[in-house]
Amino acid sequence: MVKLLQLVPLFLSAIPVTILARPYEKVFHIATLNNHHKNKDGVSTIFDEMNTDARITGVDEDELRLIQLDEDEPPKWMTVGERMDLYRKKTKFMDITDYPDLGDSYKAAERTRRQFPIQPQFQQEVESFINQLTTKHMEANLRKFTSFRTRYYRSNTGKESSNWLYKQILRIVEDAEDDVDVSVRKFKHPWTQSSIIARFEGSDPQKENEVVIVSAHQDSVNMWIPSFGRSPGADDDGSGTVTILEAFRVLVENGFKPVRPVEFHWYSAEEAGLLGSQAIAQDYAKEKKDVVAMLQNDMTGYVGNKPETFGVIVDYVDSDLTIFVKSLIEEYAAIPYVDTKCGYACSDHASWRKAGYPSAFTIETDFKDSNPYIHTSNDVIENLDFNHMLEFAKLSVSFAVELSYSN
Ligand code: BES
Ligand code: ZN
């Protein structure tokens, strides 16, 4: 009997991955065919655009998602199976099925472009906060956060991990002194895992609509068996999640009173094509919110065997904001940066860019030296360095303080 049991993993590994992965995916995805995808005669163009050599089975043919692979290319309809293949081939994509017109109503061109400061200006305030950052809470939080089997956005454990995270944020908010005006809410989606938004109100009523955002994504994925494969996602993006949580904790506990409102966002469903951040960016664009700047923290914990640096993403970002982010690193962090690229739709900053808002993105190293274990069961805490995360927490604090106070 024991011998037989030992054979089970062998047997499972012999089954093609697609057979294991797809039936579970199938349950969740429903075709959404709408009018944008009809040509001028009203005839559907979906099937012309479909990649016909893909593995489309009879059942899967209905499960179509609208996928964007580049900024200037028209989106393509793909099956969920094809979408999962993109992933394994490390092709980046944005699933725009539910947000085809993101930001169309409120593009950057309609708004006055604001200039970012040339240099950091609030050293005393920033330093009083960053001196309080420690690795202690990040470590404990990441241990718990990676203990959920997966944080896949449609899974039960993805919902449980999100509820756990919400409670940690709530506890920080509840303990805040009366004069710290901070709140937290869930941003619900049509899938199980919510995004979370914590907000400091600003002191200047005239700047009430001008929001500064610091963000990370809370979901994880096992690329071979998305819905229930073990996916600790310690680095991707448990690291960013606990990094910005530490920045948030220190700001709350030390009485941060911003001038402009500052928000911390923990997105759901980044790994499914930036779904959570697109939903929120679309909502903010519809509400005509003036997002001053957004900084994404996705993978902040891996150093590997190269000298420690920040990787500052320079493609598909706001270049002026990125210059300012570099000046913050020079002023407040203990390590240098290198310029690096991540490609289109690499993380949630792309949703804000698409909606017409300035966004920036920093990662743990040069992209080519980043964590090789992501999207597998081996993305574990043991590969990470909490002191490295601390440097990103310093950057998040300085970003929030400087951009909220500046004119
Ligand atoms: N965390 C990764 C992006 C990343 C990779 C950052 C390596 C830094 C170093 C992100 O969660 C991711 O996997 N993105 C996908 C695209 C997404 C839309 C599915 C990717 O890069 O393939
Ligand atoms: Zn990620």
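With the requirement that a residue be among the aliphatic types (A, V, I, L, M) and within 16 Å of ligand 2 (Cβ to nearest atom), what does the range 382-407 give you? Result: LEU384, MET389.
For the range 266-298, a residue qualifies if it is out of contact with any helix residue (DSSP H, G or I) (no Cβ under 7 Å at 6 or more places or on another chain) and either more than 16 Å from ligand 2 (Cβ to nearest atom) or not aliphatic (A, V, I, L, M) (or both), and the qualifying residues are GLU271, GLY273, GLY276, ALA279, ILE280, GLN282, ASP283, TYR284, GLU287, LYS289, ASP290.
Taking the stated definitions as given, is ASP379 in contact with a Gly (Cβ under 8 Å, 6 or more places away or on another chain) and surrounded by fewer than 20 Cβ atoms within 10 Å (Cβ to Cβ)? Here the answer is no, as ASP379 does not meet what is asked.
Being among the aliphatic types (A, V, I, L, M) and surrounded by fewer than 20 Cβ atoms within 10 Å (Cβ to Cβ) is true of VAL259.
Go through SER220, SER203 for me and flag whichever is among the small types (Gly, Ala, Ser), in a loop (DSSP other than H, G, I, E, B) and more than 16 Å from the chain's Cα centre (by Cα). Spell out the reasoning first.
Working: SER220 fails: more than 16 Å from the chain's Cα centre (by Cα).
Only one candidate qualifies: SER203.
For the range 186-200, the count of residues that are among the polar types (S, T, N, Q), away from ligand 2 (no atom under 14 Å from the Cβ) and surrounded by fewer than 17 Cβ atoms within 10 Å (Cβ to Cβ) is zero. Residues that are within 20 Å of THR362 (Cβ to Cβ), within 16 Å of ligand 2 (Cβ to nearest atom) and either touching a helix residue (DSSP H, G or I) at 6+ places or on another chain (Cβ under 8 Å) or outside the structural domain of LEU321 (by TED's automatic domain parsing) (or both) do occur in the range 204-214, at least one of them.
Filter the range 53-93 down to residues that are modelled with pLDDT of 85 or more and among the aromatic types (Phe, Trp, Tyr) and give me whichever is nearest to the chain's Cα centre (by Cα). The qualifying residue nearest to the chain's Cα centre (by Cα) is PHE93.
The values are calculated or read from the model by the stated rules, or taken from the named source; none is laboratory data. In this text the structure is predicted, and so the values were computed from the model without any measurement. So basically every Cβ, Gly included, is an ideal-geometry build from the backbone, and we count neighbours across all protein chains shown.
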